[in-house]
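The values are calculated or read from the model by the stated rules, or taken from the named source; none is laboratory data. Predicted model, so just to flag it, every value in this text is computed and none were measured. Heads up, the Cβs are rebuilt from the backbone with ideal geometry, glycines too, and the neighbour counts pull from every protein chain shown. Only protein heavy atoms, including side chains, enter the accessible area calculation; ligands, DNA and RNA are left aside. Shrake-Rupley method; radii C 1.70, N 1.55, O 1.52, S 1.80 Å.
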Amino acid sequence: MSTAVSEVAAALSRGTARIVDLTHTLDPDFPVIVLPPEFGQCARFRMEEVSAYDHRGPAWKWHNITLNEHTGTHFDAPIHWVSGKDVPNGAVDEIDPGAFVGPVVVIDCSDGAARDDDFELTPEVIETWEAQHGMIPKDAWVLMRTDWSKRSGADYLNMAQDGAHSPGPTPAAIELLLARDIRGFGTETVGTDAGQGMHYTPPYPAHYMLHGAGKFGLQCLCNLDLLPPTGALLIAPPLKIKGGTGSPLRVLAMVMA
Ligand code: MN
């Protein structure tokens with residue numbers, strides 16, 4: 001019997017649908033967010049060899065790894081932010097797993113971000129996109145494409161005397177995305193907010209407003225240039241960390257081949 005689910009499996013098998021990997025490799029050199037020095041800091045990824053087919057384990061190789069919940073390509077849960085601390089089922093182990101698979105739209109801001117490191121995603125940008133592609137559907141992931149993932153080293157965080165300079169959404173843009181009742185918001189940069197996001201009201205509007213409304217975040221994504229503006233399916237299940245505020249994860253998109 002043909003069902004919607006078996007049709008998806010058949011499309012993957014026939015090659016009429018394919019999987020795009022939106023994940024950076026976990027690597028000790030991949031940058032993590034840097035906060036002002038008075039705050040606690042996010043740990044980079046570290047890997048320690050336990051054995052490698054040697055006297056420590058003759059037939060096996062494995063590693064101990066350490067990292068922050070927000071290292072590398074990662075998921076932000078509502079309890080990550082103070083505004084979401086009382087959201088029911090707001091930790092990664094409590095979120096309904098149905099939330100981890102859903103539709104995704106991509107707003108291409110790559111031209112603007114190429115011209116301006118502090119490029120803002122505004123309601124006008126979203127409404128221009130909607131005029132072309134239709135209204136953002138309820139429960140969709142909204143990803144902001146900036147091609148920032150093609151940067152590496154110091155250019156990725158892009159730190160200056162006054163902090164990081166990287167693109168992100170304005171409070172009014174987040175308000176519009178919440179009016180669309182999105183599932184979550186994702187970026188190619190180290191956070192869902194702009195590098196200078198502390199200067200908005202409220203500060204860090206993506207974190208403050210989205211998590212307060214029980215929505216999710218994804219950051220350090222890549223390969224957004226390989227996705228269509230609409231019509232793809234996002235698969236983004238975080239690790240089931242007890243009380244976890246977020247998690248590194250593999251983010252996959254299913255697209256028509
Ligand atoms: Mn995070």
Within region 28-50, the residues that are outside any strand (DSSP E or B) and loosely packed, with under 13 Cβ neighbours inside 10 Å are Pro28, Asp29, Leu35, Pro36, Pro37, Glu38, Phe39, Gly40, Gln41
For Phe39, indicate whether it is within 22 Å of the chain's Cα centre (by Cα) and either within 16 Å of the ligand (Cβ to nearest atom) or touching a residue at least 12 places away in the same chain (Cβ under 8 Å) (or both).
no
Does any residue in region 1-23 that is open to solvent by 60 Å² or more (accessible area, probe 1.4 Å) come within less than 9 Å, Cβ to Cβ, of a residue that is of a type in the set (D, E, K, R) six or more places away or on a different chain, and which pairs are these?
Leu12/Arg18
Can you name the strands (runs of 3 or more DSSP E) wholly within region 192-257 that have at least 1 residues being in contact with a Phe, Trp or Tyr (Cβ under 9 Å, 6 or more places away or on another chain)?
216-219, 232-235, 246-248
Considering each of Val104, Val125 in turn, give the residue that is within 22 Å of Leu224 (Cβ to Cβ), more than 16 Å from the ligand (Cβ to nearest atom), open to solvent by less than 90 Å² (accessible area, probe 1.4 Å) and in a strand (DSSP E or B).
Val104
Is at least one residue of region 107-115 within 30 Å of Lys240 (Cβ to Cβ), under 17 Å from the mean Cα position of the chain (by Cα) and open to solvent by 30 Å² or more (accessible area, probe 1.4 Å)?
no
Kindly check whether there is at least one residue in region 226-234 that is buried (at least 19 other Cβ atoms within 10 Å of the Cβ), among the aliphatic types (A, V, I, L, M), within 16 Å of the ligand (Cβ to nearest atom) and under 16 Å from the mean Cα position of the chain (by Cα).
no
Restricting attention to region 169-182, the residues that are touching a strand residue (DSSP E or B) at 6+ places or on another chain (Cβ under 8 Å) and either surrounded by 21 or more Cβ atoms within 10 Å (Cβ to Cβ) or on the phi > 0 side of the Ramachandran plot (or both) number exactly 5
Screening Asn68, Asn89 for residues that are open to solvent by 60 Å² or more (accessible area, probe 1.4 Å), in a loop (DSSP other than H, G, I, E, B) and either under 24 Å from Pro237 (Cβ atoms) or of a type outside the set (Lys, Arg) (or both) leaves only Asn89
Please identify the pairs in which a residue from region 210-231 that is among the small types (Gly, Ala, Ser) has its Cβ atom under 7 Å from the Cβ atom of a residue that is away from the ligand (no atom under 16 Å from the Cβ) and assigned to a helix (DSSP H, G or I), counting only partners at least 6 apart or on another chain.
Ala213/Leu178
Go through region 135-159 and give me each residue that's open to solvent by 20 Å² or more (accessible area, probe 1.4 Å), in a loop (DSSP other than H, G, I, E, B) and closer than 19 Å to Leu234 by Cα.
Met135, Pro137, Lys138, Asp139, Asp147
Within region 54-70, does at least one residue satisfy the condition of being out of contact with any Gly (no Cβ under 8 Å at 6 or more places or on another chain), among the hydroxyl-bearing types (Ser, Thr, Tyr), within 26 Å of Phe30 (Cβ to Cβ) and within 16 Å of the ligand (Cβ to nearest atom)?
no
Please enumerate the residues belonging to region 235-257 that are surrounded by 24 or more Cβ atoms within 10 Å (Cβ to Cβ), of a type in the set (A, V, I, L, M, F, W, C) and within 16 Å of the ligand (Cβ to nearest atom).
Ala236, Val251
Can you tell me which residues in region 183-214 are aromatic (Phe, Trp, Tyr), within 25 Å of Asp96 (Cβ to Cβ) and open to solvent by 10 Å² or more (accessible area, probe 1.4 Å)?
Tyr208
